[in-house]
Amino acid sequence: MAEPLVLIDTVGAVRKLTLNRPTALNSFTAAMHRELRPALDAAADDATVRCIVITGAGRGFCAGQDLNDGDVGGDTANLIERVYKPLALRIASMPVPVIAMVNGVAAGAGANFALGCDLVIAAKSASFIQAFSKIGLIPDCGGTWLLPRLVGRAKAIGLAMSGDKLSAEDAERMGLIWRCVDDAALADQTMALATKLAAMPVKALAATRRTIDEAIMINYADALSLEARVQQQMSGQADFREGVAAFLEKRAPTFKDR
Ligand code: T3D
């Protein structure tokens, strides 16, 4: 039987998805997308999953669209509408935090797929490349939206136009990613972070992502009103009551909402 193109492991409340085409640096094919989307949907629907980690097998994270796959060079708008837009929106709407554990090179749509996750933790030897310009394309998979918001217009345009490789250390310095760690520590530090997030009120963490993303696009007064509305919803959740009770009773909380 053929190897799965997405490996699925569960450790406690953490679901780990590993892109598994290491000989082509885990670049996306139609077949891989056909496994990745259901794997994300299943994680979203599984009440026992409270944090997701996405990584790549072998020496790369993901080299973007597989340039040998049948989809390339055809109806690109259709490919993006059909595949990359739903993928980016799926990540942005996950009910639990999503961590990209970037173990190696992340290029093209692979880089922006990682950057669309809530937290990006990368090995020192990893790198990020907006490879699109080198083949006459523009950043996709959310890149044009994410890059200026993460690093500002000047750096966004520099990265996107040059297509230069950015080391994980520079990516952290620039504010493109959350953390860069020693290669040997990547798996343990990511799992420690994922386990910590999984024990937190994940419904509020997902609402935090949603609200920050929305607040970026509205004015200050509207953002304050948005906070009021979302906070009203959150304060009606069992997790809020549990958090306050645990604080007052000087005990560790047990959060269950999702
Ligand atoms: O219509 C549309 O396609 C629109 C959609 C666009 C979305 C996109 O993502 S566009 C951007 C596509 N990605 C790229 O342009 C990146 C291409 N890859 C590279 O530039 C380099 O591979 C890297 C800089 C990422 C890594 O370089 P290096 O030297 O570490 O590895 P390598 O030797 O180039 O690659 C290793 C193998 O992976 C190699 O195969 P081989 O020769 O050992 O059989 C290489 O061909 C393969 N590979 C890497 N990236 C891709 C790929 N195969 C297919 N597609 C790839 N994107």
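Quick notes
- Subset of region 56-79 that is of a type in the set (A, V, I, L, M, F, W, C) and more than 7 Å from the ligand (Cβ to nearest atom) - its residue that is most open to solvent (accessible area, probe 1.4 Å): Ala77
- A search for C-beta distances below 7 Å between a residue of region 61-84 that is closer than 12 Å to Leu25 by Cβ and any residue that is at pLDDT below 85 and surrounded by fewer than 18 Cβ atoms within 10 Å (Cβ to Cβ), counting only pairs 6+ apart in sequence or on different chains, returns Gln65/Val72.
- Qualifying position, being assigned to a helix (DSSP H, G or I), open to solvent by 30 Å² or more (accessible area, probe 1.4 Å) and away from the ligand (no atom under 16 Å from the Cβ), among Lys134, Lys196: Lys196
- The residues listed here are Arg50, Arg37; of these, the one that is farther than 24 Å from Asp183 by Cβ, in contact (Cβ under 8 Å) with a residue 24 or more places away in the chain and open to solvent by 40 Å² or more (accessible area, probe 1.4 Å) is Arg37.
- Hits in region 146-173 (condition: in a helix (DSSP H, G or I), surrounded by fewer than 18 Cβ atoms within 10 Å (Cβ to Cβ) and without any contact (Cβ under 8 Å) to a residue 24 or more places away in the chain): Pro148, Arg153, Ala154, Lys155, Ile157, Gly158, Asp170, Arg173
The values are calculated or read from the model by the stated rules, or taken from the named source; none is laboratory data. Every value quoted in this text rests on a predicted model; they were computed, and no experiment measured them. Because the Cβ atoms are built from the backbone with ideal geometry, glycine has one as well, and the counts that use them run over all protein chains shown. What goes into the accessible areas is simple: the full protein's heavy atoms, side chains included, and nothing from ligands, DNA or RNA. Shrake-Rupley method; radii C 1.70, N 1.55, O 1.52, S 1.80 Å.
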